[in-house]
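K.L.:
Pasting in a structure now, in structure tokens, and then I'll have a few things to ask.
Read-outs: derived from the displayed coordinates by stated rules, not from any lab. Predicted model, so just to flag it, every value in this text is computed and none were measured. Reconstructed Cβ throughout: ideal geometry from the backbone, glycine too, with neighbour counts over all protein chains shown.
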Amino acid sequence: MKKSELRKLIKSNRKKISKEDVKLFSDSIIEHLIEAFEFQDRMVNLFLPIQKFNEIDLTTLKDKVETLGGKLCINRSDFETFELSPILWDDQVIIKKNHFGIPEPINGFGLKIEDIDIVLVPLLAFTKEGHRLGFGKGFYDRFLSKTASTCIHIGICHSDEDHQIDDIGDKDIALGYLISPKGLRTFN
């Protein structure tokens, strides 16, 4: 299936998921993340959920990662360059929705992408090889291509079902792992 067709299908299916189920999925994914990965002394890049798209909400992971000795950063989007800029998520950061409904930091301390140890990546669908289907602007592919070679890329998805995507391109970055409510999946 082509990206545009699959994107439309998955977005339509997501609208049918209840807020209660999104919360259950989110809580389960957080548990699996804590069990599967080491967070001490790690900088974790976390996405904030776009609620109108029923995205997984990992915001409660912040306290858990900090308790385990890690730090978090969240991204600010630039819709002219389609680039993401990581901002340290501390108590001083103010978060507001941009004109696309994406919650973002409007202030804060900028970080280097290369200093991030783990990136949690939102996605709509994925292939059995670990390629992700996002919302179509390439923000995360650009971002992931700039991370250090040691950085762990973890896709976060509502489902553990992989899909055939016919138009994967050279700039599409494969993930190393996927966490769904059912648990961890590793890609080679």
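K.L.:
Compute the orientation-averaged projected area for the stretch 107-167 from the convex hull of its Cα atoms and round it to one decimal in nm².
P.N.:
Averaged projected hull area, Cα only: 5.3 nm².
K.L.:
Could you sort the peptides 113-121, 95-103 by per-residue average Cβ neighbour count (10 Å cutoff), highest mean leading?
P.N.:
Highest to lowest by the protection proxy: 113-121, 95-103.
K.L.:
Determine the percent antiparallel among the DSSP beta bridges restricted to the stretch 41-126, to the nearest 5.
P.N.:
Counting DSSP beta bridges with both partners in the stretch 41-126, the antiparallel share is about 60 percent.
K.L.:
Then there's this: Can you work out ³J(HN,Hα) from phi for every residue in the stretch 101-106, in order, using Karplus 6.51 cos²θ - 1.76 cosθ + 1.60 and θ = phi - 60°, giving whole Hz and x for Gly and Pro?
P.N.:
x, 8, x, 9, x, 9
K.L.:
Could I ask something else about it? For the chain, go through all pairs of different Cα atoms, get the mean of 1/r, take its inverse, and jot down that Kirkwood value in Å.
P.N.:
Result for the chain, one decimal place: 16.7 Å.
K.L.:
In whole Hz, with x marking every Gly and Pro, tabulate ³J(HN,Hα) for the stretch 71-85 from phi via Karplus 6.51 cos²θ - 1.76 cosθ + 1.60, θ = phi - 60°.
P.N.:
10, 10, 9, 10, 9, 10, 9, 10, 7, 8, 9, 6, 10, 10, 10
K.L.:
Could you calculate the contour length gain from L24 to F135, that is, 0.36 nm times the residue separation minus the distance between their Cα atoms, to one decimal place in nm?
P.N.:
Extra length from L24 to F135 when fully extended: 37.7 nm.
K.L.:
Quote the FRET efficiency, to the nearest 0.05, computed for R142 versus T67 with a Förster distance R0 of 25 Å and r equal to the Cβ-Cβ distance.
P.N.:
After rounding, the FRET efficiency stands at 0.20.
K.L.:
For the stretch 84-188, would you read off the P(r) tail past 20 Å as a percentage of all alpha carbon pairs?
P.N.:
45 percent
K.L.:
From the C-alpha coordinates alone, can you work out the Kirkwood hydrodynamic radius of the stretch 79-125, in Å?
P.N.:
The Cα-based Kirkwood calculation yields 12.4 Å.
K.L.:
Which of T127, T81 comes first, and how do the rest follow, when ranked by fewest Cβ neighbours within 10 Å?
P.N.:
T81, T127
K.L.:
Taking θ = phi - 60°, what integer Hz values does the Karplus form 6.51 cos²θ - 1.76 cosθ + 1.60 yield along the stretch 14-22, in sequence order, with x for Gly and Pro?
P.N.:
Per-residue couplings from phi come out as 5, 4, 7, 7, 6, 4, 5, 5, 4 Hz.
K.L.:
Choose one answer from E80, E104, E35: the residue with the largest mean-square fluctuation in a GNM of the chain with alpha-carbon springs under 10 Å.
P.N.:
E80
K.L.:
Can I ask one more? Among the DSSP beta bridges whose two residues both lie in the chain, what percent are antiparallel, rounded to the nearest 5?
P.N.:
In the chain, DSSP labels about 55 percent of beta bridges as antiparallel.
K.L.:
At 222 nm, what value in deg cm²/dmol follows for the chain if DSSP H runs of at least 4 each add -39500 (n - 2.57) and the sum is divided by all its residues, to the nearest 500?
P.N.:
-7500 deg cm²/dmol
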